[in-house]
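Asker: To start, I am sharing the structure in question, which I have written as structure tokens.
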Amino acid sequence: MVRLLKIGSIILLVIPFLAWGGFRFWLAEQPDAFRASIEAFPPLEFLEVIYDHAFPSALPDRAQWGRRKYPGRGHSPWVMRSSLDGRPRMLSIALAEELWLAYSTETASIHQFWRGDIDFTGPVFDAQHGFEPTSRGIAYARPGTPTAWRIRDGNEWTPARIRWRGHGFDPASDALWIRFELRDAAGRHVRRVTEWPERLLEGDSSRVALERRFEFTPGPPVALLVEPERGTIEIEAGAAIDGGLLSFTANTANIVHRYEAPTIPIEENIPETLANDPFAKHDCHTCHHFRERVVGPAWSEIALRYQGANRDITIGQLAARIREGSSGRWGAIEMIPHPDLDRSEAARLASIILETEPSETPILVVDAGGAEATWTFGSPTEAPPDGLHPSLKSTPIDPPEFTPRVGGLAWLPDGRLGVATWDRDGSLFAVEGWQGPSEGVRVERMAEGLHEPLGLAVVDDALYIMQKQEIAQLFDHDGDGWTDEYRTITQGWSVTSNFHEFGFGLVALDGDLYGSLSVCVLVGGKSCRDQTPDRGKIFRLTLASGEIEFIASGLRTPNGLAATPGGELLVADNQGDWLPASKLIQVRPDGHYGWRAPGEKRDLGPVTPPTLWLPQNEVGNSPTQPLVLTEGPYAGHIVFGDIYNGGLKRAIVEEVGGQLQGAAFHFSGGLEGPVNRLLEAPGGGFIVGQIGSRGNWGEGGKDWFGLEFVQMGDEAAFEAMRVSATPEGFEIHFSRALAPDLVLTPDDFQLSDWFYVPSEIYGGPKYDLRDLAIEHVHLSADRRVASIVVRDRLPERVVYLHFGPAIRSERGESLWVNEAWYTMNVLPTAESPNARKHDEAPNILSLAEEEAGWRLLFDGRSFEGWKIYGAKDDSIEFWRIENAALAFTRDVSLAGLVWNHLNPFSRAAADLMTKERFSDFELSIDWRISPGGNSGIFYLVPDERSALAWDLGLEMQVLDDAAHSDGQIERHRAGDLYDLQSLVRDAANPVGEWNRARIRVQGSHIEHWLNDRPIVDITRGSPDWRSAVANSKFADTEGFGLAERGHITLQDHGDLVWYRNIKIRKLPPSEAR
């Protein structure tokens, strides 16, 4: 025994020496550069590399929270939507351990039935760009027809047209069902089919049976193509088979496919471009590409810089930077270190980079003077703030072990926070106690198996979710908190299985849903040459019909839509080919925003300018969902996240010369992870949902997940609140007065500008970058507004403003951020010197308004202070609050309006009236009318004794002048003192746009303005007044218009109308006109 132990010990000692000697002998035969990179390893690090190769570590599973167990299924979730084997819109089902079934939801047919598993790879699963899930193993069946379903058309069986309606689970048995509709070629005849697939396991592990039960609604005959040569088919009820055609003879049927063993090999389906790409298995392509600049330089740019340098030395330098990271060599953006990448692999990648064909320069363009414009990718700007903004308080609301990569946020009908997660499970969670702290937060999983959900919305208590390739509505039929049905609402856009063809949204607006679609992208960021027709567009989904309408195009990665309080759409888009920088856009109907497929040869028409450019790696890289703040010191400002540039950004927008433009700022850092979704919270504050992945799909040093509740304080930080363009230069509005001893000079500001030229290269340089000379600086009397005179400005450029360190507040504070980027689409002119702030958050008073005595009559959230004219209680009929506006919802015909007034059993009109009465006042109110609509703003309505509010009160007309018949009648048009006076025509904005009205009553004197145009100027009791009344419909109404005090009433005229920003201030009777 001792002898054996000695021999064993000698062997154990000798084997490592023999292995080491063999390794050294092998290494001596390798190329010098490779051998040098291996020999540079310290011994322990070399052993660590060998261990990592032998036992590679997987990415942590961030989707485990609330994951259910399904005994016997072999996978959780056991039913999943995804792409599979290069095909989009698939439903994969884990019937048993290593037994899978997949359907195509486009054909409602079996794609494959196999023994094996699915290689769940791709950005959402293992952060691998370019890949999508593929099946592995051996198949029992893999039909090859586009659709197996046939429908009888006359005497022939023809392929059926398919509409997928979703899938679900029987609440009692948890059995899976799928549902779809079959139509003939003309779309006239429909049969709805519900199929229940399940496995019937045999004793032998290789033998298996697939049971399929069917339920049909009545309709024309239908049949199913089958493969009788593969296994056997048993018909238990409701069908007959003739060769390869299985026809259904009843409205219920049950068939069983039996297989002895799987016989069809499943070939590995990896695109050739990925299989031959040495960088594909790393995260290199998230920041670099062979020919195109993404975040960092292209390989071709690096090859150009080091052309002619010593090769071995350069390989060593580049390999070290790949592993250790670097910054400052290609701009301010830091290259993330890759310490897990061994030195030999880093050296191999560096060698391939240097072998790339050197790059070409950007396209040549001319500047405003006709000379060839210079260009640069330089970004000499400040880093974003690391810490949380001083005005914000953040509370993490993700309990330990709950690691949500947030794709969508919405408030559920029961008040809980809905959170959709972009992860391997594709789940939906309900979060209770979202105000925090995290110890008191309760999280429940509600749904799973969704396909990369990146949007969530609730409309009329119905829950909708934006998956990668469809919109679904979720149902909990038995009320147990778990989703029983995933009902497909639409698949109304074309798709491929490309990893980058995301679907974003959802925004609920006026009862419709809005979403956006990103484009097909190759690994590294270059757009696919050929695109399906619907990519890069924003769509509206009409829920009543399920129809899709595309409303804007030319977008690349529009990650995150949002509605403004005024009912407009905002979207952020990401840099790429034809997009020299990222953008923030207020969407205009039929706008085309510049992106085009590389293979597109058609003239796509003029490009709609962005609201804001977000220069790459300065204030943008991967911008995400915007949110318009409606409270606190930043009310009316837009905030949005950025996946790579980090934190929150801030924007303020104005309208100049009919174009939207404005300034972008850094706002806040200090959050758990990269910000992807923002949601306003009831009662104030907002929810921040975070997400991340490798490379520029994440923020350096941050988690790939997070959920926080952010509250806004009452006071702004010391910073530039807004930058406005003036005819002479810019006005910079600071949040606090500047220090009393501070004398501003031009040296306290640095301005430069440039323009972009969209082209096929990824992103683009700044052209004609130049410094702008500041002629003069003036500080306002309150020391809050700095006016700078800059003469040499040009339109269609971006202006960078840097504020110097000497600028400090009256409290001695330094600026929180000292940069701004202003998009100058249009230069202001002397004719329009005051660019107005666009789409302020409604129903909010500014400090100046409060000081001037204004107060709100409508808070945007409740009917407090309002009632229906003539009603005995405070119940409100036919009015609702919609997008922070009072909306009248009873839309009737002229005959219906007349009937409402004649019907003795109902109120003649549902006019909405203030409970309070007013005299000597100025009223400001915004209104928007529906096409052909009519309404009115009554005032000095003395009481409720008359049947109708307009019997004795005065009216400012609200009308669609162009489409309503009253628009042809003098003194009946929008803004007029109805039937009494009109001084101006055509003051109203086009139908569908908001109008700002002002009514001033001081004693007997009355004035109207509409959109700042004076419409009415009359004094009650004057000769003009008496003449106007005598020639009006009110001539015989005693006491008409003579009340000194009265209610304000919004008219029900049977048409849809909206009111907001309802403000009033008291005028002293002695105040002069």
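Asker: Restricting attention to region 945-970, which residues are under 20 Å from P1014 (Cβ atoms), touching a residue at least 24 places away in the same chain (Cβ under 8 Å) and assigned to a loop (DSSP other than H, G, I, E, B)?
Answerer: Here is the first cut: in region 945-970, the residues under 20 Å from P1014 (Cβ atoms) are 954-959, 961, 967, 970.
Narrowing the set further to residues that are touching a residue at least 24 places away in the same chain (Cβ under 8 Å) leaves 954-956, 958-959, 961.
The answer is D961, and nothing else.
Asker: Hey, among the residues in region 994-1012 that are in contact with a strand residue (DSSP E or B) (Cβ under 7 Å, 6 or more places away or on another chain) and not in a strand (DSSP E or B), which one's nearest to N934 (Cα to Cα)?
Answerer: Filtering region 994-1012 for residues that are in contact with a strand residue (DSSP E or B) (Cβ under 7 Å, 6 or more places away or on another chain) and not in a strand (DSSP E or B), the one nearest to N934 (Cα to Cα) comes out as W994.
Asker: Can I ask one more? How about region 1018-1049: which of its residues are hydrophobic (A, V, I, L, M, F, W, C) and either touching a Gly at 6+ places or on another chain (Cβ under 6 Å) or surrounded by fewer than 14 Cβ atoms within 10 Å (Cβ to Cβ) (or both)? Spell out how you get there, then give the answer.
Answerer: Within region 1018-1049, the first condition is being hydrophobic (A, V, I, L, M, F, W, C), and the residues that meet it are 1018, 1025, 1028-1030, 1034-1035, 1040, 1042-1043, 1048.
Residues satisfying the conditions are A1030, A1035.
Asker: A further question on this structure: Could you grab me the full set of residues in region 538-554 that are touching a residue at least 40 places away in the same chain (Cβ under 8 Å), in contact with a strand residue (DSSP E or B) (Cβ under 6 Å, 6 or more places away or on another chain) and on the phi < 0 side of the Ramachandran plot?
Answerer: Quick first cut of region 538-554, residues touching a residue at least 40 places away in the same chain (Cβ under 8 Å) only: 538-539, 541, 543, 546-548, 552-554.
Cutting the leftovers down to in contact with a strand residue (DSSP E or B) (Cβ under 6 Å, 6 or more places away or on another chain) gives us 538-539, 541, 546, 548, 552-554.
Answer for region 538-554, where residues must be touching a residue at least 40 places away in the same chain (Cβ under 8 Å), in contact with a strand residue (DSSP E or B) (Cβ under 6 Å, 6 or more places away or on another chain) and on the phi < 0 side of the Ramachandran plot: I538, F539, L541, I548, A552, S553.
Asker: Follow-up. Among the listed residues S965, S1004, identify the single one that is of a type in the set (S, T, N, Q) and farther than 22 Å from V1057 by Cα. Outline the logic, then answer.
Answerer: Details: S965 fails: farther than 22 Å from V1057 by Cα.
Result of the check over S965, S1004: S1004.
Asker: Of all the residues that make up region 522-555, how many are touching a Gly at 6+ places or on another chain (Cβ under 7 Å), assigned to a loop (DSSP other than H, G, I, E, B) and under 22 Å from A572 (Cβ atoms)?
Answerer: The total comes to 4.
Asker: I'm trying to understand the selection: among the residues of region 787-796, which are surrounded by fewer than 22 Cβ atoms within 10 Å (Cβ to Cβ) and part of a strand (DSSP E or B)?
Answerer: Pass one, region 787-796, residues surrounded by fewer than 22 Cβ atoms within 10 Å (Cβ to Cβ): 787, 789-796.
Matches in region 787-796: S787, V789.
Asker: Now, a different point. Can you find a residue in region 691-701 that is under 24 Å from R416 (Cβ atoms), crowded, with 18+ Cβ neighbours inside 10 Å and in contact with a Gly (Cβ under 6 Å, 6 or more places away or on another chain)? Explain how you work it out, then say what you get.
Answerer: First, the residues of region 691-701 that are under 24 Å from R416 (Cβ atoms): 691.
Narrowing the set further to residues that are crowded, with 18+ Cβ neighbours inside 10 Å leaves 691.
Of the ones still in play, those that are also in contact with a Gly (Cβ under 6 Å, 6 or more places away or on another chain) are none.
Among the residues of region 691-701, not one is under 24 Å from R416 (Cβ atoms), crowded, with 18+ Cβ neighbours inside 10 Å and in contact with a Gly (Cβ under 6 Å, 6 or more places away or on another chain), which makes the answer no.
Asker: Find all pairs meeting these conditions: Cβ atoms under 7 angstrom apart; at least six residues apart or on different chains; first residue within region 731-758 and in the same structural domain as R770 (by TED's automatic domain parsing) and without any contact (Cβ under 8 Å) to a residue 40 or more places away in the chain; second residue β-branched (V, I, T) and crowded, with 18+ Cβ neighbours inside 10 Å.
Answerer: Sorted first by the residue in region 731-758, then by its partner, the pairs are T745/V777.
Asker: Considering only strands (runs of 3 or more DSSP E) fully contained in region 457-521, which possess at least 3 residues that are surrounded by fewer than 24 Cβ atoms within 10 Å (Cβ to Cβ) and aromatic (F, W, Y)? Spell out how you get there, then give the answer.
Answerer: Details: elements: 462-466, 471-475, 485-490, 503-509, 512-517.
Where strands (runs of 3 or more DSSP E) fall fully within region 457-521, none carries at least 3 residues being surrounded by fewer than 24 Cβ atoms within 10 Å (Cβ to Cβ) and aromatic (F, W, Y).
Asker: Please verify whether E360 is outside the structural domain of Y756 (by TED's automatic domain parsing), modelled with pLDDT under 70, under 23 Å from F377 (Cβ atoms) and over 34 Å from the mean Cα position of the chain (by Cα), treating the condition exactly as stated. Can you show your working first?
Answerer: Working: outside the structural domain of Y756 (by TED's automatic domain parsing): yes; modelled with pLDDT under 70: yes; under 23 Å from F377 (Cβ atoms): yes; over 34 Å from the mean Cα position of the chain (by Cα): yes.
Yes.
Asker: Quick one: which residue in D340, D367, D283 is under 30 Å from L751 (Cβ atoms) and at pLDDT below 75? Spell out the reasoning first.
Answerer: Working: D340 fails: under 30 Å from L751 (Cβ atoms); D283 fails: under 30 Å from L751 (Cβ atoms).
Going through D340, D367, D283 in turn, the sole match is D367.
Asker: Looking only at region 485-503, filter to residues that are among the hydrophobic types (A, V, I, L, M, F, W, C) and under 18 Å from A127 (Cβ atoms); which one of those is modelled with the lowest pLDDT? Reasoning before the result, please.
Answerer: Residues of region 485-503 that are among the hydrophobic types (A, V, I, L, M, F, W, C), as a first pass: 489, 493, 495, 499, 502.
Pick out the ones that are also under 18 Å from A127 (Cβ atoms) and you get 499, 502.
Values: F499: 92, F502: 96.
Result: F499.
Asker: Under 7 Å between Cβ atoms, which residue pairs at least 6 apart in sequence (or on different chains) link something in region 1031-1053 that is basic (K, R) with a partner that is assigned to a strand (DSSP E or B)?
Answerer: R1045/F918
Asker: Any residue that is loosely packed, with under 15 Cβ neighbours inside 10 Å and either among the hydrophobic types (A, V, I, L, M, F, W, C) or not assigned by TED's automatic domain parsing to the domain that holds I1048 (or both) - is there at least one of those in region 984-994?
Answerer: no
Asker: When you go through G636, G620, G684 one by one, which is the residue that is modelled with pLDDT under 95 and crowded, with 24+ Cβ neighbours inside 10 Å? First the steps, then the outcome.
Answerer: Working: G636 fails: crowded, with 24+ Cβ neighbours inside 10 Å; G684 fails: crowded, with 24+ Cβ neighbours inside 10 Å.
None of the other options fit; the residue is G620.
Asker: Something else now. Kindly indicate which of I1015, I1062 is within 42 Å of the chain's Cα centre (by Cα), farther than 22 Å from A852 by Cβ and surrounded by 13 or more Cβ atoms within 10 Å (Cβ to Cβ).
Answerer: Numbers: I1062 fails: farther than 22 Å from A852 by Cβ.
Only one candidate qualifies: I1015.
Asker: Among what's in region 382-430 and is surrounded by fewer than 20 Cβ atoms within 10 Å (Cβ to Cβ) and closer than 22 Å to A635 by Cα, pick the residue that is nearest to the chain's Cα centre (by Cα).
Answerer: Per the criteria, the residue is W411.
Asker: Another question, if that's okay. Keeping to region 747-791, report how many residues are modelled with pLDDT under 95, more than 39 Å from the chain's Cα centre (by Cα) and closer than 25 Å to P380 by Cβ.
Answerer: 2
Asker: Could I ask something else about it? Looking at R1026 and the list (1) outside any loop (DSSP other than H, G, I, E, B); (2) under 17 Å from S924 (Cα atoms), which single condition is not satisfied?
Answerer: Single failed check for R1026: (2).
One line per residue, one yes/no per condition, for (1) of a type in the set (V, I, T); (2) under 19 Å from G684 (Cβ atoms):
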| residue | (1), (2) |
| --- | --- |
| S394 | no, yes |
| D398 | no, no |
| F402 | no, no |
| R405 | no, no |
| G418 | no, no |
| T421 | yes, no |
| G436 | no, yes |
| V441 | yes, yes |
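Asker: Name every residue in region 645-680 that is surrounded by fewer than 23 Cβ atoms within 10 Å (Cβ to Cβ), on the phi < 0 side of the Ramachandran plot and not in a strand (DSSP E or B), in order of residue number.
Answerer: Answer for region 645-680, where residues must be surrounded by fewer than 23 Cβ atoms within 10 Å (Cβ to Cβ), on the phi < 0 side of the Ramachandran plot and not in a strand (DSSP E or B): G669, E672.
Asker: Separate question: Can you give me the number of residues within region 702-724 that are of a type in the set (A, V, I, L, M, F, W, C) and in contact with a Gly (Cβ under 9 Å, 6 or more places away or on another chain)? Don't jump to the end; show me each part of the working.
Answerer: Step one: filter region 702-724 for residues of a type in the set (A, V, I, L, M, F, W, C), giving 704-705, 707, 709-710, 712, 716-718, 720-721, 723.
Next cut, in contact with a Gly (Cβ under 9 Å, 6 or more places away or on another chain) only: 704-705, 707, 709-710, 712, 716, 723.
Residues in region 702-724 being of a type in the set (A, V, I, L, M, F, W, C) and in contact with a Gly (Cβ under 9 Å, 6 or more places away or on another chain): 8 in total.
Asker: Say whether the condition of being of a type in the set (A, V, I, L, M, F, W, C), assigned to a loop (DSSP other than H, G, I, E, B), in contact with an Asp or Glu (Cβ under 6 Å, 6 or more places away or on another chain) and over 17 Å from S924 (Cα atoms) is met by at least one residue in region 1045-1066. Steps first, please.
Answerer: Step one: list which residues in region 1045-1066 are of a type in the set (A, V, I, L, M, F, W, C), which gives 1048, 1050, 1056-1058, 1062, 1064.
Within this subset, residues satisfying the condition of being assigned to a loop (DSSP other than H, G, I, E, B) are 1056.
If we keep only those that are in contact with an Asp or Glu (Cβ under 6 Å, 6 or more places away or on another chain) too, we end up with 1056.
Checking which are over 17 Å from S924 (Cα atoms) leaves us with 1056.
Yes, region 1045-1066 has at least one match.
Listed here are the residues, each with its yes/no results for (1) touching a Lys or Arg at 6+ places or on another chain (Cβ under 8 Å); (2) part of a strand (DSSP E or B); (3) free of Cβ contacts under 8 Å to residues at least 12 places away in the same chain.
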site	(1), (2), (3)
M80	no, yes, no
S83	yes, yes, no
M90	yes, yes, no
I93	no, yes, no
H111	yes, yes, no
G116	yes, yes, no
V124	yes, no, no
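Asker: Determine whether V521 is under 30 Å from E760 (Cβ atoms) and in the same structural domain as K537 (by TED's automatic domain parsing). Can you show your working first?
Answerer: Numbers: under 30 Å from E760 (Cβ atoms): yes; in the same structural domain as K537 (by TED's automatic domain parsing): yes.
It is true that V521 is under 30 Å from E760 (Cβ atoms) and in the same structural domain as K537 (by TED's automatic domain parsing).
The values are calculated or read from the model by the stated rules, or taken from the named source; none is laboratory data. Values in this document were obtained by computation on a predicted structure and should not be read as measured data. Ideal geometry is used to build each Cβ from the backbone, glycine not excepted, and the neighbour counts take in all protein chains shown.
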